[in-house]
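The values are calculated or read from the model by the stated rules, or taken from the named source; none is laboratory data. In this text, all values refer to a predicted model and were calculated from it rather than measured experimentally. In this analysis, Cβ positions are derived from the backbone assuming ideal geometry, glycine residues included, and neighbour counts consider all displayed protein chains.
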Amino acid sequence: MIAGFAGCSGSDFARTPTAPSPSGSPPQAVSNQEFPLQLRGFITDTAYRALAGARIEVVDGASAGVTAISDAQGQFVLSGRFNAATQFRATKEGHETRTQPWNCSVAVCLGANNAQPWLGFYLTVLEPTVNIAGDYRLTFIADSTCTDLPDIARTRSYRATVTARPVDGRSTVPGFDLKADGAQFIGILDGFPIGAAGTRLSLWLHARHDPAVVEDLGENTYLGFSGTAEATVGTGGVIDINTAFDGWIEHLVLAAPLGAWYWPQPQVISKATCDSSNHRMTLTRAR
């Protein structure tokens with residue numbers, strides 16, 4: 001799985017696997033004027049897995065015909081003269097072909113906080129994508145070596161609903177959104193997107209950057225989950241998922257309540273965090 005570029009100037013991850021979406025608006029700092037630029041980019045399938053050996057080509061403008069090939073991490077660099085309207089095409093056998101402009105995660109890309117342009121592609125696979133929409137039981141199980149976590153943090157379950165939700169701004173990309181229920185959560189930290197490509201799924205809980213799910217346990221006590229998980233599922237019948245959760249689980253006691261986000265935090269009374277690639281995550285279909 002590839003995390004992608006969080007943004008031109010290190011902006012925080014949002015609730016999508018890469019922020020911002022590559023389908024966003026082109027930079028506002030340039031119009032028809034061309035600038036010499038070095039575009040760094042990434043390319044993944046719609047399950048957010050890096051695509052090596054993909055071809056990226058400049059379609060128009062002064063540098064039309066310039067190409068790059070993505071490396072094993074799905075990353076590439078294109079150098080040339082580009083403006084806001086320059087289009088780029090990504091191709092990879094077994095995947096759709098996609099054409100789009102470059103992007104920047106700040107309002108004015110060039111010259112603002114040393115921000116630099118970037119280019120991100122998500123390519124749909126040329127096969128049917130499994131439908132996992134429905135009601136589930138979501139369970140996190142801590143690595144058995146996480147002895148510092150209290151019992152309440154070692155196994156925790158929630159009701160969950162998975163709905164079809166294409167990647168923001170692009171209706172042709174298969175994707176799902178999981179929303180947890182049956183407990184008190186902090187702000188919008190009650191779920192996460194699930195990328196899908198054929199029968200392959202990527203569950204994106206912000207990849208250790210910040211928690212995607214934070215339960216309010218009462219008395220200024222909180223339980224947070226951040227990481228990633230992957231699964232391959234069948235195409236028919238009831239779909240259950242039992243897979244490794246690579247990330248951290250944190251039990252937090254504060255002197256005052258959290259706001260709508262996990263940070264900033266009031267005075268910390270106690271904190272137990274376990275970071276491991278051996279946690280487990282299950283999604284059991286409601287029957």
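Could you check, for segment 102-117, whether at least one of its residues is touching a strand residue (DSSP E or B) at 6+ places or on another chain (Cβ under 7 Å), under 16 Å from ASP60 (Cβ atoms) and modelled with pLDDT of 90 or more?
There is no residue in segment 102-117 that is touching a strand residue (DSSP E or B) at 6+ places or on another chain (Cβ under 7 Å), under 16 Å from ASP60 (Cβ atoms) and modelled with pLDDT of 90 or more.
Of the residues VAL30, VAL66, which single one is among the β-branched types (Val, Ile, Thr), more than 28 Å from GLY198 (Cα to Cα), outside the structural domain of THR232 (by TED's automatic domain parsing) and at pLDDT 95 or above?
From the options VAL30, VAL66, the qualifying one is VAL66.
Condition check: of a type in the set (Asp, Glu), modelled with pLDDT of 95 or more and surrounded by 15 or more Cβ atoms within 10 Å (Cβ to Cβ). Does ASP177 satisfy that?
Taking the combined requirement at face value, the residue does not satisfy it.
Out of all the residues in segment 229-237, is one or more crowded, with 19+ Cβ neighbours inside 10 Å, assigned by TED's automatic domain parsing to the domain that holds THR161, of a type in the set (Ser, Thr, Tyr) and assigned to a strand (DSSP E or B)?
No, because not a single residue in segment 229-237 is crowded, with 19+ Cβ neighbours inside 10 Å, assigned by TED's automatic domain parsing to the domain that holds THR161, of a type in the set (Ser, Thr, Tyr) and assigned to a strand (DSSP E or B).
Of the residues that make up segment 210-223, is at least one modelled with pLDDT under 95, surrounded by 20 or more Cβ atoms within 10 Å (Cβ to Cβ) and among the β-branched types (Val, Ile, Thr)?
Taking every residue of segment 210-223 in turn, none turns out to be modelled with pLDDT under 95, surrounded by 20 or more Cβ atoms within 10 Å (Cβ to Cβ) and among the β-branched types (Val, Ile, Thr).
From the set of residues in segment 39-84 that are over 19 Å from the mean Cα position of the chain (by Cα) and among the hydroxyl-bearing types (Ser, Thr, Tyr), which is surrounded by the most Cβ atoms within 10 Å (Cβ to Cβ)?
By that ranking, first place goes to SER70.
Only one of PHE82, PHE76, PHE88 is modelled with pLDDT under 90 and either of a type in the set (A, V, I, L, M) or more than 23 Å from ASP177 (Cβ to Cβ) (or both); which?
PHE82
Within segment 47-99, which residues are assigned to a strand (DSSP E or B), under 27 Å from SER202 (Cα atoms) and not charged (D, E, K, R)?
ALA50, ILE56, ALA68, ILE69, GLN75, PHE76, VAL77, PHE88, ALA90, THR91, HIS95, THR99
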